[in-house]
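These notes concern the structure reproduced below.
The values are calculated or read from the model by the stated rules, or taken from the named source; none is laboratory data. Bear in mind that the values here come from a model prediction, so they are computed numbers and not experimental data. Virtual Cβ from ideal backbone geometry, glycine too; neighbours counted across all protein chains shown.
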Amino acid sequence: MISETDVAYIAGLFDGEGCVQVKKYTEKKKNHKSRKNPKGKGYRTTYTNRISMEVAMTDESVINWVHDVLGVGSVRVKPRKGLRKNGTKYLTQYVWRCSFRDAYQVARLLWPYAQTKLHGIEKIIDHYEPDHKVNGKVVDLKKYKEAMSLE
C-alpha cells in the first residue's frame, strides 16, 4: 500500500517534471492473410489511442524510487545529444514511463493531488471508466484484474 504522503509527493513531482499523452490518430497497418484477403496484400487503416505518462529528470535515485513505489512502468536512460553553449555535455536524463492501463492506475492515484497536469490525468480516467466504452472494447478495470488473477 502506498502512503498518502508518497502519492502527494509523486503528484507534485509529476506536475513539475511529468508529461501526459493522450492521442487519438489513424495508423496504417499491414493486412494479414484472411478469407477476404488470401494473399495478405495491402494495408488497412485503424484508429489508435496512445495513452502514456512519464517523468524525466537527471536524478536517477528519484526515478528509481518512483518506479519502486508505484510498481508499474519502466525506467530507461535518455540518450544525450549535443553539447551546451560552453562545450560541456548535457547531464544524463532518466525517464520513468507507463502506458495504457498502468497509466490509468497511476492517474487514479494522482488525481486528488494533481494541479497542472489535472486535465491530462482526467482524460486518461475518462477513457477507462467502466461506463465509457468505445465500440464495446473497453472493459472494466476490476473485471480485467479478476480475469488476470484467475489465469
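Could you list, ordered by first residue, the pairs with Cβ atoms under 7 Å in which the first is in region 53-79 and on the phi < 0 side of the Ramachandran plot and free of Cβ contacts under 8 Å to residues at least 24 places away in the same chain and the second is in a loop (DSSP other than H, G, I, E, B) and loosely packed, with under 13 Cβ neighbours inside 10 Å, at least 6 apart or interchain?
Between residues of region 53-79 that are on the phi < 0 side of the Ramachandran plot and free of Cβ contacts under 8 Å to residues at least 24 places away in the same chain and residues that are in a loop (DSSP other than H, G, I, E, B) and loosely packed, with under 13 Cβ neighbours inside 10 Å, the close pairs are V77/T92.
So how many residues does region 73-91 have that are touching a helix residue (DSSP H, G or I) at 6+ places or on another chain (Cβ under 8 Å) and either among the hydroxyl-bearing types (S, T, Y) or closer than 14 Å to E60 by Cβ (or both)?
2
Mind checking which residues of region 27-59 are at pLDDT 85 or above and either under 20 Å from W96 (Cβ atoms) or surrounded by fewer than 10 Cβ atoms within 10 Å (Cβ to Cβ) (or both)?
As a first pass, look at region 27-59 and keep what is at pLDDT 85 or above: 49-59.
Matches in region 27-59: R50, I51, S52, M53, E54, V55, A56, M57, T58, D59.
Checking the structure you have, find out if any residue of region 64-80 is among the charged types (D, E, K, R), exposed (fewer than 13 other Cβ atoms within 10 Å of the Cβ), over 17 Å from the mean Cα position of the chain (by Cα) and modelled with pLDDT under 90.
Within region 64-80 (the criterion being among the charged types (D, E, K, R), exposed (fewer than 13 other Cβ atoms within 10 Å of the Cβ), over 17 Å from the mean Cα position of the chain (by Cα) and modelled with pLDDT under 90), the answer is yes, since at least one residue qualifies.
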